[in-house]
Each structure stands twice: as C-alpha cells, then as structure tokens.
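The values are calculated or read from the model by the stated rules, or taken from the named source; none is laboratory data. Since the model is a prediction, treat every value here as computed from it, not as a measurement. We place every Cβ from the backbone using ideal geometry, glycine too, and count neighbours over all the protein chains shown. We work out accessible area using only protein heavy atoms, side chains counted, and drop any ligands, DNA or RNA first. Shrake-Rupley method; radii C 1.70, N 1.55, O 1.52, S 1.80 Å.
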Amino acid sequence: MCGRTCLTLDPDQVICACKYPKKSTRKEPDFNKKDIKDEEGSEMETPEWRAEYNLGRRYQASYNIAPTDITPVIVSAAHFSDAEDQKCARVVTPMMWGMIPFWHKGDYRRHGLTTNNCRLEHLMDSKLYCGPFKRGQRCVVICEGFYEWQTAGPAKKPSEREAYLVFVPQAADVKIYDKSTWSPQDVKLLRMAGLFDVWEDESGDKMYSYSIITFQSSKIMSWMHYRMPAILETEQQMNDWLDFKRVSDTEALATLRPATELQWHRVTKLVNNSRNKSEECNKPIELAAKPAKPPMNKTMMSWLNARKKREDQIKAEQSDDEDQEKEGATKGRPAKRPRFSKAAFEQSGGSEMKSGKR
C-alpha cells in the first residue's frame with residue numbers, strides 16, 4: 001500500500017459516519033448516551049470524539065492525506081476508562097500517520113524510520129510494533145478511500161505509474177467522489193486495521209501515532225500492487241480487532257484477511273504531489289478538470305520579461321535597418337551589402353578559395 005488516503009469529513013461528520021451497533025454489558029439503559037435507531041430498528045451508538053493535545057496538531061479534512069498528517073482513528077474506549085460500560089464502546093481519536101518509536105529521543109520528526117505501514121509478516125519480530133500489539137493498542141484507520149499506484153506489470157518510472165482511488169462498494173446511488181450524492185450517515189468508510197502508540201517528549205506532552213497493517217495482495221489487488229492493507233469489512237471484524245480486553249492476540253490476528261469486495265477508479269496525477277489538495281484528486285480521470293498551470297516564481301518571470309524585452313529590441317533594430325536600406329535604394333545610394341551565411345559564402349566561391357584556387 002502506498003502512503004496516501006482521502007477523508008473529507010469534519011469531526012462531527014466523522015463520528016456520524018462511524019456509528020456502530022450497540023453492544024454493551026449494561027443492564028440498564030443510559031439515557032444520557034447518544035443512541036439512535038437505524039432503519040432496521042437495531043440500536044446504534046455514536047462514538048465519542050476525543051481530541052488529544054498531540055503537540056498542538058489538529059486533524060484537517062483533505063482530499064490528499066499523506067504520512068505525518070493527523071487523521072481520525074477508532075480505538076476501544078477501554079484505553080481511556082476502566083468503567084464497565086466502556087468495554088464495548090468506541091472512541092475516535094486523531095493521531096499522526098507514521099508511528100513514532102516509543103524509545104526515540106529528541107524531535108519526533110527525526111527518528112529516521114519509515115513507519116507508515118507495518119508488515120504483518122514481521123509484526124511479532126519487530127522492536128517497534130511488537131510492544132504496542134501485546135499491549136492491545138489495536139486501532140482502525142478510517143478513510144473514504146486510499147490511493148494506490150500500479151506497480152505490477154511492466155516496470156515504469158514512478159512519475160509514469162497510473163494512480164487509483166480504492167474504496168469499498170457503496171449504495172447504487174452513491175458516488176464516493178461526489179459528496180452531493182451522499183451524506184455522512186449513509187456513506188461506507190473504508191476501515192483498515194492498525195497499531196498505535198503514545199510517545200512523550202521531554203516535557204511529558206504526548207503524541208498519538210499509528211501504522212497501517214499490510215500483507216501480500218490477494219487476487220483482488222495483485223494486478224495493481226503487491227501489497228494491500230488489512231481491511232475490516234464486517235462489524236464482527238471491527239469488534240474482534242478493537243476489543244483487546246476480550247479477544248486474544250492470536251484471535252485478533254485471525255480477523256485480518258484479504259478483503260473480498262473492493263472498487264476503484266483511475267485518478268489524475270495530481271495525487272502524486274501531497275501538496276495538491278484539490279477536490280479533483282479523488283475524481284475519475286475522465287471527470288477531473290485539467291489542472292491549472294502552477295504560478296511562476298518571480299525570478300523566472302523577471303528572466304522571461306527581460307528576454308522578451310531584448311527580443312523585441314532586436315526585432316526593432318532589424319526593422320530599422322531594413323527601412324534604411326529601402327530608403328537608400330530609393331535615393332540612389334548603394335544598399336548595404338547583405339550578410340552572407342556560411343552556406344551562401346561557399347556557394348559564391350568560398351569553396352574554391354579553400355582549395356587554393358584564385
């Protein structure tokens with residue numbers, strides 16, 4: 001999996017899109033909770049949005065999210081409370097994409113490791129990932145879809161690879177790239193299994209960060225890329241992955257299997273640059289507007305203006321010379337002798353001079 005996702009929902013919209021079937025050990029209902037009924041009559045619950053300090057960094061919705069950005073992540077509420085009614089509850093917490101090694105000292109941005117993705121095959125052998133996994137720090141990364149570049153097949157330069165937006169199947173009338181066709185409560189977000197950890201700086205301030213778990217692609221994506229994220233397709237998978245109190249490590253790993261249903265469409269190369277945040281990023285390539293030319297920097301603009309001014313000056317001088325020649329010929333003065341090119345010189349006898357003939 002490549003390191004780019006798309007999530008254009010604000011916090012209130014995120015928790016609305018993350019409502020889940022209520023599963024609780026409480027005997028008496030808590031009417032202070034935000035509970036609703038879905039269309040089939042089952043009780044649904046809205047997760048809490050818990051925004052940690054994260055060194056002052058905040059989540060921002062974007063059509064082109066890259067590693068080191070802050071994104072919403074679902075975790076068990078039991079990580080923050082020992083209350084009985086929180087065992088099955090979910091919390092949405094913004095975290096930084098790219099796990100910071102818990103043992104790292106100094107600037108958190110300079111640990112020098114690529115931690116966007118965690119390979120499932122090496123999870124238990126990893127000094128970085130084994131600890132969080134055994135501590136039950138399992139999470140679910142949510143997005144509308146992730147971008148993938150086709151690396152399977154004939155080798156191509158990175159700039160020439162075709163890019164795709166991969167997402168889960170939606171209702172017939174929902175177009176994931178067109179927000180006018182859906183609302184947060186009826187969109188199906190793509191949910192990827194991950195691990196998170198909490199890093200502290202010298203002042204004791206905390207930064208929550210995560211990595212997405214990947215494994216070898218199954219047939220559904222192997223034509224595009226040799227790796228794919230561990231996508232959680234069902235609520236049962238979500239429950240088993242998040243519930244670290246009840247579900248053992250072995251059972252949790254067993255929930256990670258290749259997705260059976262995915263959709264995708266090709267997108268423009270706007271997504272190649274993480275600074276491009278245009279809404280054209282996630283649209284099918286045939287519907288995306290052609291990107292405007294980037295503004296030219298001042299140095300280049302000054303150089304081009306000076307060059308054009310010089311070219312105009314040369315043209316004006318040449319035009320003046322031609323006018324003088326015409327005027328001289330009209331008054332009976334001999335016209336200026338035309339300049340000869342090398343080819344014209346040789347045709348007029350220059351070749352004979354080279355051979356020694358006079």
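Sort out which residues of the range 181-230 are in a loop (DSSP other than H, G, I, E, B) and open to solvent by 40 Å² or more (accessible area, probe 1.4 Å), and write them in order of number. Result: GLN185, ASP186, LYS188, ASP201, GLU202, SER203, ASP205, TRP223, TYR226. What do you reckon, is ALA335 modelled with pLDDT under 60 and touching a helix residue (DSSP H, G or I) at 6+ places or on another chain (Cβ under 8 Å)? When the stated conditions are applied, ALA335 passes them. The residues in the range 150-179 that are in contact with a helix residue (DSSP H, G or I) (Cβ under 7 Å, 6 or more places away or on another chain), touching a residue at least 40 places away in the same chain (Cβ under 8 Å) and of a type in the set (Asp, Glu) can be counted, and the count is 0.
Pairs linking a residue in the range 106-130 that is buried (at least 17 other Cβ atoms within 10 Å of the Cβ) to a residue that is of a type in the set (A, V, I, L, M) and assigned to a helix (DSSP H, G or I), with Cβ atoms under 7 Å and 6 or more positions apart or on different chains, are TYR129/LEU123. Residues in the range 125-156 that are within 22 Å of the chain's Cα centre (by Cα) and part of a loop (DSSP other than H, G, I, E, B): GLU144, GLN150, THR151, ALA152, LYS156.
Conditions tested, residue by residue: (1) without any contact (Cβ under 8 Å) to a residue 24 or more places away in the chain; (2) within 17 Å of the chain's Cα centre (by Cα); (3) on the phi > 0 side of the Ramachandran plot.
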{"site": "GLU200", "(1), (2), (3)": "yes, no, no"}
{"site": "ASP205", "(1), (2), (3)": "no, no, no"}
{"site": "PHE215", "(1), (2), (3)": "no, no, no"}
{"site": "SER218", "(1), (2), (3)": "no, no, no"}
{"site": "ARG227", "(1), (2), (3)": "no, yes, no"}
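Here TYR147, TYR129 are screened, and the one residue that is touching a helix residue (DSSP H, G or I) at 6+ places or on another chain (Cβ under 6 Å), of a type in the set (Phe, Trp, Tyr) and within 20 Å of CYS281 (Cα to Cα) is TYR147. You will find that of LEU123, LEU189, the residue that is hydrophobic (A, V, I, L, M, F, W, C) and in contact with a Phe, Trp or Tyr (Cβ under 6 Å, 6 or more places away or on another chain) is LEU123 and no other. Restricting the search to strands (runs of 3 or more DSSP E) fully inside the range 56-119 and requiring at least 1 residues that are in contact with a Lys or Arg (Cβ under 6 Å, 6 or more places away or on another chain) gives 62-65, 70-76, 90-97.
For residues in the range 231-244 being open to solvent by 50 Å² or more (accessible area, probe 1.4 Å) and not in a loop (DSSP other than H, G, I, E, B), which is farthest from LYS188 (Cα to Cα)? It comes out as GLN236. Screening the candidates ARG90, ARG26, ARG57 for the property of being modelled with pLDDT of 95 or more and surrounded by fewer than 21 Cβ atoms within 10 Å (Cβ to Cβ) yields one hit, ARG57. Residue count for the range 281-323, restricted to those that are of a type outside the set (Lys, Arg), outside any helix (DSSP H, G or I) and modelled with pLDDT under 70: 5.
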